[in-house]
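Each remark here refers to the structure printed beneath this line.
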Amino acid sequence: MIRIKGFLDFYRLDDEDEYIDDDKEVEANTLAGEILLPRNTFTALFKTAMKEKSLQETKKALSEVFDVSIDVIDARIKYLKLENDINRN
């Protein structure tokens, strides 16, 4: 069973349901984020959308644009430290 905690903290459950931190999976997830949600493009779209839309509308729109879940959008916002832009609006 695979669970995602945030976007970059990727864990596998073993047979005893204990979390196993796998650095290679973290690296792979980080790379996937950079490929699927490129920093400059994501940041520009996020900031533009936040000028016109609520946070929830922005997340939904970005989810559709990048064809990923809102959980991935949330994690990317956190990873790129865009929370400050949320608080300003």
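Brief remarks follow.
- Pairs meeting the criteria (first residue in the stretch 53-81 and under 15 Å from residue 29 (Cα atoms) and in contact (Cβ under 8 Å) with a residue 40 or more places away in the chain, second residue in a helix (DSSP H, G or I) and polar (S, T, N, Q), beta carbons under 8 Å, at least 6 apart or on different chains) are 72/63; 80/43.
- Condition met for residue 31 (at pLDDT 90 or above and among the hydrophobic types (A, V, I, L, M, F, W, C)): no
The values are calculated or read from the model by the stated rules, or taken from the named source; none is laboratory data. Being a predicted model, the structure only gives us computed values, none of them experimental. Positions of Cβ are generated from backbone atoms using ideal geometry, with glycine treated the same way; all protein chains shown enter the neighbour counts.
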